Amino acid sequence: MNEEEYNMLLDRIFSNIKSLSEQKSDFVIPKAVILQEGNKTIVKNIMEIADKARRDPAHIAKFISKELGVPANISNNMLYINSRVPEEDINKKIERYFNIFVICRECKKADTHLESAGRGKSYLVCEACGARYIVMW
């Protein structure tokens, strides 16, 4: 194969490859399945949300509790919020959690994990691009 054929093949390959900005992620932030019971709100799928985030459900519960300003606890694999909260508000808090603690700011992928930075701070470490930065709320 001569150099001209080689360059033509390279051009053909590169024209078929999508750029990183064009690649779509199949990651979707899960929506809460909630049940209103009197003055309590129950998130029935908190474990599935935590599995998708690859985070401890207690961490998500603590975040939602602080964001809403109401007590919340996990029992029987469900999140019990001691207030009547609209589904849209809970989904906004879950999306905010993912944007802060799960999705990488650099490459926008969810392949991340948290590392303790001491004194209540954490590092978000991206396994896809290697970015590392402090997260807190």
Exercise for the section: Report yes if some residue within region 4-15 is in contact (Cβ under 8 Å) with a residue 12 or more places away in the chain and either within 30 Å of Gly130 (Cα to Cα) or surrounded by fewer than 17 Cβ atoms within 10 Å (Cβ to Cβ) (or both); otherwise report no. Expected result: no
Fill in the blank from the handout: Matching residues in region 117-137 (at pLDDT 90 or above and open to solvent by 50 Å² or more (accessible area, probe 1.4 Å)) number 7
Practice task
May I ask you to verify whether Met1 is part of a loop (DSSP other than H, G, I, E, B), open to solvent by 70 Å² or more (accessible area, probe 1.4 Å) and without any contact (Cβ under 8 Å) to a residue 40 or more places away in the chain?
Solution key: yes
Completion exercise
Going through (1) in contact (Cβ under 8 Å) with a residue 24 or more places away in the chain; (2) within 19 Å of the chain's Cα centre (by Cα) one by one, Ile42 fails only at (2)
Practice task
For Ala117, indicate whether it is in contact (Cβ under 8 Å) with a residue 12 or more places away in the chain and in contact with a Cys (Cβ under 8 Å, 6 or more places away or on another chain).
Solution key: no
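The values are calculated or read from the model by the stated rules, or taken from the named source; none is laboratory data. Model, not experiment: these values are computed from the prediction. Every residue, glycine as well, gets a Cβ built from its backbone with ideal geometry; the counts of neighbours run over all protein chains shown. Accessible surface is based on the protein model in full, side chains and every heavy atom, while ligands, DNA and RNA are left aside. Shrake-Rupley method; radii C 1.70, N 1.55, O 1.52, S 1.80 Å.
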